[in-house]
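K.L.:
Submitted below is the structure of interest, expressed as structure tokens.
The values are calculated or read from the model by the stated rules, or taken from the named source; none is laboratory data. Because the structure is predicted, anything quoted here is derived from the model rather than measured. Here the Cβ is made from the backbone with ideal geometry for all residues, glycine too, and neighbour counts use every protein chain on show. Note: accessible area is taken over every heavy atom of the protein model, side chains too, but ligands, DNA and RNA are not part of it. Shrake-Rupley method; radii C 1.70, N 1.55, O 1.52, S 1.80 Å.
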Amino acid sequence: MRMENTILNLWQAVAAQDEEKLASFFTADAQIMWPNTEECFDLPGYLRANCDYPGQWEGKVEKIAEDGSYSVAKVWSPEGTAARAVTFYQWKNGKIVQMTEYWGDIGPAPEWRREFPSC
């Protein structure tokens, strides 16, 4: 599936902080939103935020919608921090015109919920 390969390659470029390759996945007028921190980037701003991010990290895409509308990835750093990113994509002519990304830390449930029934 073309969109699946595109999303996998996108995540490789994100983890490698490869600005040139990363830019190739987006339209020139793309908007990238990070609602958790209330940030909205144009493409140059997003490239700077991603490629200037301190430290190195890795990621593994865990799920991609068949139509390429979203992906879920687990992301971690050698320092032991881990997060999960849920990303929603809007496409135009095979490139991302809008991307909305929600990031959340990975960790144990809070103490007050540990006794709740779970799946």
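K.L.:
Assuming R0 = 22 Å, what is the FRET efficiency of Ser118 and Ala83, from their Cβ-Cβ distance, to the nearest 0.05?
P.N.:
E between Ser118 and Ala83, to the nearest 0.05, is 0.55.
K.L.:
Something else about it: Relative contact order of the range 1-100: what whole-number percent is it, with Cα pairs under 8 angstrom and at least 6 residues apart?
P.N.:
Working: 153 pairs, mean separation 27.0, N = 100.
Relative contact order of the range 1-100: 27 percent.
K.L.:
Sticking with this one: Can you return the aspartates and glutamates within cross-link range of Lys21? Criterion is Cα-Cα under 20 Å, with same-chain partners fewer than 8 residues away left out.
P.N.:
Qualifying aspartates and glutamates at Cα under 20 Å: Glu4, Asp29, Asp42, Asp52, Glu58, Glu101.
K.L.:
Please list, in chain and number order, the residues 5+ apart from Glu39 or on another chain whose amide H is under 5 Å from its amide H, with Hs placed from the backbone.
P.N.:
Under 5 Å from the amide H of Glu39: Trp34.
K.L.:
Counting only heavy atoms of protein chains, what accessible area per residue, in Å², does the range 1-45 have with a probe of 1.4 Å? Walk me through the intermediate numbers first.
P.N.:
Working: 2630 Å² over 45 residues.
Accessible area per residue: 59 Å².
K.L.:
On alpha carbon coordinates alone, what is the Rg over Rh value for the chain, Rh being the Kirkwood radius? Spell out each step's value before the answer.
P.N.:
Details: Rg = 15.3 Å, Rh = 15.2 Å.
Dividing the radius of gyration by the Kirkwood radius yields 1.00.
K.L.:
Among residues other than Leu47 whose Cβ falls under 11 Å from its Cβ, what is the net charge (Lys/Arg +1, Asp/Glu -1)? Let's see the in-between values first.
P.N.:
Details: positive: Lys21, Arg48; negative: Asp18, Glu19, Glu20, Asp42, Asp52.
Neighbour charge sum, excluding Leu47 itself: -3.
K.L.:
Looking at the chain, what % of its DSSP beta bridges pair antiparallel, to the nearest 5? Write down the numbers at each step before the final one.
P.N.:
Values: 27 of 31 bridges.
If I count the DSSP bridges inside the chain, around 85 percent turn out antiparallel.
K.L.:
Each label point is 7 Å from the Cα along the Cα-to-Cβ direction; what then is the distance between the points at Arg48 and Asn93, in nm?
P.N.:
Placing both labels 7 Å beyond Cα along the Cβ direction yields 2.6 nm.
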